[in-house]
Structures are given as structure tokens and as C-alpha cells.
Amino acid sequence: MKLLTGKTALITGANRGIGKSIALKLAANGANIAFSDIACNDDTIQLENEIQALGVKAKGYASDASSFSSSEELISKVVSDFTTIDILVNNAGITRDNLLLRMSETDWDRVINVNLKSVYNLTKAIQKVMIQQRFGSIINMSSVVGIEGNGGQSNYAASKAGIIGFTKSMAQELGSRNIRCNAIAPGFIATEMTAKIPQAARDKWIQDIPLKRPGTPDDVANLALFLASDLSSYITGQAITVCGGLHT
Ligand code: NAD
């Protein structure tokens with residue numbers, strides 16, 4: 001039997017990048033997959049097809065994770081389509097980098113809303129479902145930047161640090177209901193998000209990584225699989241790095 005047979009997972013921001021890899025990894029291990037992104041497009045249809053080819057149920061939804069009402073609607077649609085949600089991966093995230101001197105209020109607010117408020121929105125909406133079924137694994141996508149900070153990313157760092165505090169609080173609130181909540185803190189992972197960083201800065205970053213390479217979305221998905229499955233049944237309230245040794 002596969003690790004997640006009979007389970008249902010919801011992954012936000014999964015049309016591409018790390019979210020997509022997590023969706024495929026959990027599906028390959030037997031989970032039915034609901035996934036969301038800001039819009040449904042060709043990527044959504046392609047991912048639905050790729051997941052279904054693995055022999056499990058798949059459905060993509062358009063939903064803005066930063067909106068409280070859209071997140072509530074998303075959870076009720078997924079429950080009505082899939083009956084349960086056992087695993088929630090709060091993955092949707094954006095960057096709007098700038099030195100604080102030049103950072104607009106709009107860029108501050110958008111990053112906090114998409115990266116941090118989204119985690120509140122989805123967790124708030126899903127907790128009733130998970131409490132009723134007395135089972136759940138919630139996985140929140142933080143970053144090493146949320147642990148160490150990063151010049152030019154104060155909005156992003158604040159959002160990712162906030163996620164760790166929220167994760168630890170949820171572990172304490174929901175542990176007695178058999179609901180676990182952990183955070184993943186990736187380092188430098190090669191996706192469209194990091195492709196925006198100038199080559200010279202990327203080269204410098206790679207030099208600083210003990211394993212001397214950027215991570216792949218699959219490196220992150222392997223940890224998500226572990227945290228989603230019963231292999232981690234006694235692990236909650238943790239922020240675990242996937243960073244090639246960058247953060248020690
Ligand atoms: P990405 O930009 O490739 O993918 C992010 C996805 O989120 C996109 O499909 C995007 O459309 C979606 N999204 C954006 N706003 C949304 C919203 N409001 N509602 C729903 N979906 C939305 O990025 P990625 O590199 O795959 O990052 C995934 C997560 O991992 C993010 O939370 C990011 O902060 C985090 N992370 C990434 C790295 C890295 O090096 N790539 C490092 C640490 C943490």
C-alpha cells in the first residue's frame with residue numbers, strides 16, 4: 001500500500017513550481033488531489049491530467065488564497081467534491097522585493113496578504129473539517145528567509161516568520177484533536193520565483209550553499225510527503241529547512 005492511499009490533499013498555488021511538485025508527489029503516493037491557484041489556465045488542465053494519469057482523483061480550482069471569503073468557498077467546494085480533506089499544504093506565495101526605503105505600502109500589504117493571511121484563511125476554514133474527522137496534517141510553506149531575514153525582502157521575511165509563529169500556535173491548539181501542523185523552510189529552490197533573481201546574485205547564493213547547488217521542487221516535495229504521511233505522526237509544531245545546508 002502507498003503512504004497516502006485513501007487520503008485527500010489540498011495544495012494552494014499549485015499550477016507550477018513547488019506546489020505542482022508536491023501535488024504530483026502526493027498523488028504518486030496514492031492521495032486524491034485538490035489544488036488551487038489564482039486562476040485556472042492551461043497549466044491547471046495539464047496538471048489535472050498528469051495527476052489523473054497516476055490513478056487518483058484530481059481537480060483544480062481558481063481561488064485567491066489571500067481572500068477570506070474565497071478560501072471559505074474553496075474549502076466547502078473541495079469537501080463537497082472529495083468528502084474529506086486530510087492534508088492541507090499552504091503553498092501559495094509571492095515576492096515583491098525592495099529595500100524598505102523604496103517599498104510601497106501596496107507591496108508590503110500584498111505580500112503579507114498572499115503569504116501570511118492566506119495561511120490564516122485556509123487554516124481557519126479547514127479546521128472544522130479536520131476537527132470533525134479527528135485527523136489532519138497542515139503544512140505551511142515558510143522560507144529560510146523567515147528564520148534569518150534578508151535585505152531587500154523585509155515584507156517576504158516578515159510573512160514567512162509569521163507563518164512559523166502561526167504554525168507553532170496551531171500545533172498547540174489542534175494537537176489534542178490529532179491535527180498536526182508543521183512548516184517547511186526551503187532555501188534557494190530553482191523555480192520561476194527565483195528565476196527573477198539576477199544571475200550574479202544566484203551564483204553567489206550557490207557558492208554559499210554547502211551542497212553547491214540550488215534545490216529542486218522535488219527536494220521540497222519529499223519533505224512534504226513525509227510531513228503529510230503517518231511517517232511523521234509524532235512530529236508537530238516544527239519548521240524544517242530544505243536548504244542544502246545554507247541554514248544551520
Ligand atoms: P512560483 O512563483 O513558481 O509559484 C507560486 C504559485 O502560487 C504560482 O502558481 C502562483 O500563481 C500562485 N499564487 C500566487 N498568488 C496566489 C494567490 N493569491 N492565490 C493562489 N495562488 C497564488 O513559486 P515557488 O518557488 O513554487 O514557491 C512556492 C512557495 O514556496 C511560496 O510560498 C514561496 O514563498 C515558497 N518558497 C520558495 C522558495 C524558492 O526558492 N523558490 C524558497 C523558499 C520558499
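Peptides 12-23, 188-199, 62-73 ranked from most to least packed give 12-23, 62-73, 188-199, packing being the mean of other C-beta atoms within 10 angstrom over each peptide's residues. Amide H contacts under 5 Å for G152: L100, restricted to partners 5 or more places along the chain or on a different chain, H placed in the peptide plane at 1.01 Å from N. Using the alpha-carbon atoms, what tilt in degrees (0 to 90, nearest 10) does helix 118-133 show relative to the longest principal axis of the chain? The angle comes out near 30 degrees. Here the chain is assigned +1 on the Cβ of each Lys and Arg and -1 on the Cβ of each Asp and Glu. Its dipole about the Cα centre then comes out at about 460 debye. For L88, the amide hydrogen comes within under 5 Å of the amide hydrogens of L10, S137, I138, I139, counting only partners 5 or more places away or on other chains and with H modelled in the peptide plane. Along the stretch 92-98 the Karplus relation, 6.51 cos²θ - 1.76 cosθ + 1.60 evaluated at θ = phi - 60°, assigns HN-Hα couplings of 3, x, 9, 10, 9, 6, 5 Hz to successive residues, with x for each Gly and Pro. The alpha-carbon of K128 sits under 19 angstrom from the alpha-carbons of these aspartates and glutamates, leaving out residues fewer than 8 places away in its chain: E72, E73, D81, D86, E173.
Please give the helix 17-28 orientation as an angle from the longest Cα principal axis of the chain, in degrees from 0 to 90, rounded to the nearest 10. That works out to roughly 30 degrees. For the stretch 110-221, the residue among P186, V111, A200 whose Cα projects farthest onto the positive side of the dipole built from Cβ charges is V111.
Our helix-only sum for the chain, with -39,500 (n - 2.57) per DSSP H run of n ≥ 4 divided by its residues, gives a mean residue ellipticity at 222 nm of -13500 deg cm²/dmol. Using C-alpha pairs under 8 Å with a sequence gap of at least 6, the mean separation divided by the residue count of the stretch 8-242 gives a relative contact order of 20 percent.
Using only the alpha-carbon atoms, how far is helix 68-82 inclined from the longest principal axis of the chain? Give it as 0 to 90 degrees, nearest 10. Result, in degrees: 40. Protein heavy-atom accessible surface, 1.4 Å probe, per residue over the stretch 8-242: 44 Å².
Quick one: which of K25/K124; K117/K160; K7/K57; K124/K160 span more than 21 angstrom between C-alpha atoms? Exceeds cut-off: K25/K124. Ligands, DNA and RNA left out, the 1.4 Å accessible surface of the stretch 8-242 is 52% carbon and sulfur atoms. When +1 charges are put on Lys and Arg Cβ atoms and -1 charges on Asp and Glu Cβ atoms, the dipole computed for the stretch 98-240 relative to its Cα centre reaches about 260 debye.
The values are calculated or read from the model by the stated rules, or taken from the named source; none is laboratory data. Because the structure is a prediction, the values reported are computed rather than measured. Positions of Cβ are generated from backbone atoms using ideal geometry, with glycine treated the same way; all protein chains shown enter the neighbour counts. To get the accessible areas, we keep the full protein, side chains included, count just its heavy atoms, and leave off ligands, DNA and RNA. Shrake-Rupley method; radii C 1.70, N 1.55, O 1.52, S 1.80 Å.
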